[in-house]
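The values are calculated or read from the model by the stated rules, or taken from the named source; none is laboratory data. These numbers were taken from a predicted model, which means no experiment stands behind them. Virtual Cβ from ideal backbone geometry, glycine too; neighbours counted across all protein chains shown.
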Amino acid sequence: MKKHTLILTFILLSTSLFALDIKLTSMEAAFTQTVTNDKNNTLLYSGYMYAKEPYKTFWHYKKPFEKSLYISGDKITIVQPDLEQAIVKTLDENINILAILRSAQKMKNGHYLARYNENRYEIVLEKKMIKSIHYKTPFDHQVVITFTDPKVNQVIDNQIFKAQIPDDFDIISE
């Protein structure tokens, strides 16, 4: 999957927790992310995430390799221990994810539909919690992110959202 698509995916996920009719100020959960390409090859990622208003998110991928993503406003930092590097980027796309998700239309049985740039996002709620998000990327990848054991509206320390970059890592600014 191309880096641009990954960044869009992380932005969508990081802000998707504060829309629809759910009153969330924070959320932490384990997650699995399944990405299937047009040849039916599948990658499975897993880890945990923290999100907090306003627009702070930390994703820690444990499998298939370790990677951490810190998103705060329009900044994203990707820390990749296997490569001993961190990528720091200002997001240059004007993506109003909150408006997109607020415009999601309820379909049935806890399913909502949102559209953005000709893409379709299905959000599944279970007991007023976001259970999963399904969408197709511009590169025809099918993505399903499933959240488990969510904890909502807990106090989350802001230190969690500050990138932890070891001193000996290369830092790539884009």
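Across the stretch 116-173, which residue is nearest to T25 (Cα to Cα) among those that are out of contact with any helix residue (DSSP H, G or I) (no Cβ under 9 Å at 6 or more places or on another chain) and acidic (D, E)?
Only one residue tops the list, namely D157.
Looking only at the stretch 26-76, count every residue that is among the acidic types (D, E), without any contact (Cβ under 8 Å) to a residue 40 or more places away in the chain and under 13 Å from F147 (Cα atoms) and tell me the total.
Kept after step one, since they are among the acidic types (D, E), are these residues of the stretch 26-76: 28, 38, 53, 66, 74.
Remaining after also requiring without any contact (Cβ under 8 Å) to a residue 40 or more places away in the chain: 53, 66, 74.
Next, only the ones that are under 13 Å from F147 (Cα atoms) stay: none.
Total meeting the criteria: 0.
Select, from A104, A163, the only residue that is touching a Ser or Thr at 6+ places or on another chain (Cβ under 7 Å), aliphatic (A, V, I, L, M) and either loosely packed, with under 12 Cβ neighbours inside 10 Å or in contact (Cβ under 8 Å) with a residue 24 or more places away in the chain (or both).
Exactly one residue qualifies, and that residue is A163.
May I ask you to verify whether T5 is modelled with pLDDT of 85 or more and not charged (D, E, K, R)?
no
Among the residues in the stretch 63-73, are any within 13 Å of F161 (Cβ to Cβ), among the β-branched types (V, I, T) and at pLDDT 80 or above?
Looking for residues that are within 13 Å of F161 (Cβ to Cβ), among the β-branched types (V, I, T) and at pLDDT 80 or above, one finds at least one in the stretch 63-73, hence yes.
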